[in-house]
Each structure stands twice: as structure tokens, then as C-alpha cells.
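Engineer: The structure's right below; bear with me while I get my questions together.
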Amino acid sequence: MNQPKRSDEPIWWALFSAGGVCFAVVIPGLLLTIALLYPLGVLPENALNYQQVQQWLLQDWWGLAGLALAGAAICLPLFHAMHRIHHGLHDLKLSSGLLGKILCYSSASLFSALALYFWWQGLG
Amino acid sequence: MEKTVEKTLVIQRYNPEQDQRPSQQRYQVPFDNSTSVLDALLYIQQSLDPSLAFRWSCRMAICGSCSVMVNGIPKLGCKTFLREYSGDLLLEPLAHFATEKDLVSDMTLFLQHLQAVKPYLIRQEQSAATTPATKPQPHKQTPKQLAKYRKFSSCINCGLCYAACPQFGLNPEFLGPAALTLAQRYNLDNRDQGKAERMPQLNGKNGVWGCTFVGFCSDVCPKHLDPAAAVNQGKVASATDFVIGLFKP
Ligand code: SF4
Ligand code: FES
């Protein structure tokens, strides 16, 4: 039997897996803090004030925390979601070809690039 | 117990050489607590309708030949009992395979996929060891080394996982749960040296990457092999192989 071509799926699967971890850990943590605990008044009122957060995310440690947050809350989850949509389209027989794949991953890349761009802008 | 209670089995009949399309036939079968689906089929064949075709051999969940769909779920006929069902039973040949006759499926594709992953021990020095001068040595294995692959080694090639796998249903070229599990079983065996020969099959789009981790294969496996876990381990192996491939000239 002749050898099949090596699939490029490991790249997308690695991003998908990393995004899955973020979806399971980082996103619920963020939701809990920002969408639940803070509005309920469990956290001190000025815990998430703008200057404070900006200091943490964009100034301390050369803004690495902001980069990590953009990656873990936006970029990787995006690749995770688009990977699911790409395979879901195949399962629903809506698209099995290259087009769906290109659309899915390029939109994930575009919005990831935007997130990183805004982070970079915020540094200045 | 006396066999007084009866159950209705609705069986898909199809002879591709004569029939335009499959049809359904109903049979009344007496049963008790120990009547398996296979027992019921044998009763029908012996007492009601000798023309009914189905496969079986061991009657004890070892040979893997009595696979059928029972109410839409892939099952071993000899390991499934009429008492487990409250209403009628609908029996059909395995999903995702062509039908030869009635409940007999054409398993050629399945066997080809098993073969593709070279499911046997491959040793580099084998030819040298068989010359009279060099006496073949036994290959030792510790219980720990055995434990690594043991859970993947009890496949009976029943094909239930292929009938359960929607990806195999969509793409018959996909190597499928049992074949990928077998590949993993030999790749994890310390006596084996054939991983490099198997990886190209696993790395392709019809190898481990054809799986989207639906997991139904593991639900239906009568030997509880957890093929879905084996395929996922295969994905890690293939991803590692991918990274190594990047650095190799
Ligand atoms: S992995 Fe399980 S379900 Fe699949 S062929 Fe082997 S024994 Fe049957
Ligand atoms: S008859 Fe052998 S597995 Fe059922």
C-alpha cells in the first residue's frame, strides 16, 4: 500500500487542545470573577478599576500578563472553536473541502492578530 | 423456566441478487431469561424460516462474528439478551457496511484496514536470527511493559466500533477505531520495532486524524478496549512524530 500524505492536522489539533484547556480553566475563571463575583459585590469595589487593570496587564512585567490574557482568553479559544466548527461542517456534510478549513482558521487567525494588535497598541 | 413468553423480532431481510430493496419480516420467538439474540436467530432458522442468513460461531463473545444492529445499536448477538428489551427488537445488519444477505455484512473493508497498520510484531533482526548459527532468543517482557498495551490487546475484530463510528460512516477510507487501536497496541509493545513502518498510515488524514473523538466506539466495544482512548494516544504519537519530522532533514 502506498504511503498516505502526512496530515497538517497536528498543528490545528495542538491549537485546539490548548484552546480547550483555556476554555475549561481560564474562561470560567474570568467569567466567575468579572461576570459574577464582581457584580455581586463579593470583590472590593476598586479591585477591577481601569487604571489598576491597565497597570497589571500592560505595564507590569513588560505587559506579559496582557499578552497571556489575550492568548488564553481570545486567541487559543478562537482556534478551539473554529476547529470544532470546521469539523462540525464536515459532519453535517456542509463542507468537507479546503474552503471551509481556510475560512475557519483564517478567521481565527484574523481575530487573534487583532487581539494581539490591540495588546501591542496598549503597551505604548 | 418454561418458555411460554414470546417476543417479536423484526428482522431486515435482503438478498441483493433478488430484492430491489431491503424489507422487514416479523417473527414470534419464545424466550426466557437466558435467551440471547443469537439463540433467537438460531430458533428462527431451525423452526420458522431456514432461509434467514446470519453469522455466528463461538456463542461466547470470543469470535466476533455475530455482530448485528439491535434497535439501532451495534451489538454482539450472543452477548445481548431478549430480557434486556421491553418491546420488539429490530435487527439489522451492521451499519456502514455493505450487506451480503439479511444480517450478514461484507467485512472486507474492515479487514483491509486492520491489515494496513501491520498488526503483528515487527523485528529488525528477524532474518538474522533464523540462521542456524544464531539461536533465536526469547524476547523478555516485564509485567509493567505488558501493562502498557494489554488493555488494547483483547480486540475480537467484531467490527461493532465501525458500525458505531460516524466518521467511518462518512468516509470508508478512515482506518477506524479497531485498526488504530491495534496499531497503538503494537506500537506500545516493547518487543516491537515496527513503529516507524506504522506511523505513515497513522499520520495521514485517514489515520488518527480522521477521528473527531465522538467516543461511541468505546461505548459499544464488547471487550471494553476503549478504542477512543487508543486513537487519542495515537494522536499524541502522531503529533510528536510531526514535530520530530520538522527537525529531520
Ligand atoms: S475494538 Fe472492540 S468493538 Fe472494535 S472490533 Fe475490537 S472488540 Fe470489536
Ligand atoms: S458467536 Fe462468537 S462472538 Fe458471538
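Engineer: Step by step: first the residues of the range B:132-168, then only those that are assigned to a helix (DSSP H, G or I), over 16 Å from residue B:205 (Cβ atoms) and within 14 Å of the chain's Cα centre (by Cα), then the one that is farthest from the other protein chains (Cβ to nearest Cβ). Which residue is that?
Structural biologist: Restricting to residues being assigned to a helix (DSSP H, G or I), over 16 Å from residue B:205 (Cβ atoms) and within 14 Å of the chain's Cα centre (by Cα), the top hit is B:160.
Engineer: Can you work out which of the residues in the range A:1-40 that are in a loop (DSSP other than H, G, I, E, B) and of a type in the set (D, E, K, R) is farthest from the other protein chains (Cβ to nearest Cβ)? Talk me through it step by step, then tell me what you get.
Structural biologist: Step one: list which residues in the range A:1-40 are in a loop (DSSP other than H, G, I, E, B), which gives A:1-8, A:25, A:38-40.
So of that shortlist, the ones also of a type in the set (D, E, K, R) come out as A:5-6, A:8.
Working: A:5: 6, A:6: 5, A:8: 8 Å.
Filtering the range A:1-40 for residues that are in a loop (DSSP other than H, G, I, E, B) and of a type in the set (D, E, K, R), the one farthest from the other protein chains (Cβ to nearest Cβ) comes out as A:8.
Engineer: Quick check, is residue B:82 aliphatic (A, V, I, L, M) and either assigned by TED's automatic domain parsing to the domain that holds residue B:215 or free of Cβ contacts under 8 Å to residues at least 24 places away in the same chain (or both)? Full working, then the answer.
Structural biologist: Working: aliphatic (A, V, I, L, M): yes; either assigned by TED's automatic domain parsing to the domain that holds residue B:215 or free of Cβ contacts under 8 Å to residues at least 24 places away in the same chain (or both): no.
Against the criterion (aliphatic (A, V, I, L, M) and either assigned by TED's automatic domain parsing to the domain that holds residue B:215 or free of Cβ contacts under 8 Å to residues at least 24 places away in the same chain (or both)), residue B:82 does not qualify.
Engineer: Now a separate question. Restricting to the range B:207-221, what's the tally of residues that are surrounded by 21 or more Cβ atoms within 10 Å (Cβ to Cβ) and outside any helix (DSSP H, G or I)? Spell out the reasoning first.
Structural biologist: Step one: of the range B:207-221, the residues surrounded by 21 or more Cβ atoms within 10 Å (Cβ to Cβ) are B:207-211, B:217, B:221.
Those left that are additionally outside any helix (DSSP H, G or I): B:207, B:211, B:221.
Total satisfying the criteria: 3.
Engineer: Still on this structure, I have one more. May I ask you to verify whether residue B:238 is hydroxyl-bearing (Ser, Thr, Tyr), within 12 Å of chain A (Cβ to nearest Cβ) and crowded, with 18+ Cβ neighbours inside 10 Å? Let's see the steps before the verdict.
Structural biologist: Working: hydroxyl-bearing (Ser, Thr, Tyr): yes; within 12 Å of chain A (Cβ to nearest Cβ): yes; crowded, with 18+ Cβ neighbours inside 10 Å: yes.
Against the criterion (hydroxyl-bearing (Ser, Thr, Tyr), within 12 Å of chain A (Cβ to nearest Cβ) and crowded, with 18+ Cβ neighbours inside 10 Å), residue B:238 qualifies.
Engineer: Still on this structure: Which residue is farthest from ligand 2 (Cβ to nearest atom), if the candidates are limited to the range B:135-181 and must be among the β-branched types (Val, Ile, Thr) and more than 21 Å from residue B:236 (Cα to Cα)?
Structural biologist: Initial filter on the range B:135-181 (among the β-branched types (Val, Ile, Thr)): B:142, B:156, B:181.
From what is left, the residues that are more than 21 Å from residue B:236 (Cα to Cα) are B:142, B:156.
Values: B:142: 32, B:156: 6 Å.
Per the criteria, the residue is B:142.
Residues checked against (1) of a type in the set (A, V, I, L, M); (2) within 16 Å of ligand 2 (Cβ to nearest atom):
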{"position": "B:187", "(1), (2)": "no, no"}
{"position": "B:200", "(1), (2)": "no, no"}
{"position": "B:207", "(1), (2)": "no, no"}
{"position": "B:217", "(1), (2)": "no, no"}
{"position": "B:220", "(1), (2)": "yes, yes"}
{"position": "B:237", "(1), (2)": "yes, no"}
{"position": "B:242", "(1), (2)": "no, no"}
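Engineer: I've got another one for you. Considering B:59, B:83, B:55, B:123, which residue is more than 14 Å from every other protein chain (Cβ to nearest Cβ), assigned to a loop (DSSP other than H, G, I, E, B), away from ligand 2 (no atom under 16 Å from the Cβ) and among the basic types (Lys, Arg)?
Structural biologist: On the way: B:59 fails: away from ligand 2 (no atom under 16 Å from the Cβ); B:83 fails: assigned to a loop (DSSP other than H, G, I, E, B); B:55 fails: away from ligand 2 (no atom under 16 Å from the Cβ).
Only one candidate qualifies: B:123.
Engineer: Can you list residue pairs whose Cβ atoms sit under 7 Å apart, with the first residue in the range B:46-67 being within 12 Å of ligand 1 (Cβ to nearest atom) and the second being in a strand (DSSP E or B)? Count only pairs 6 or more apart in sequence or on different chains.
Structural biologist: So the pair list comes out as B:61/B:76; B:66/B:76; B:67/B:74; B:67/B:76.
The values are calculated or read from the model by the stated rules, or taken from the named source; none is laboratory data. This structure is a prediction, so every number in the text was calculated from the model and none was measured. Don't worry about glycine lacking a Cβ; one is built from the backbone with ideal geometry, like all the others, and counts go over all protein chains shown.
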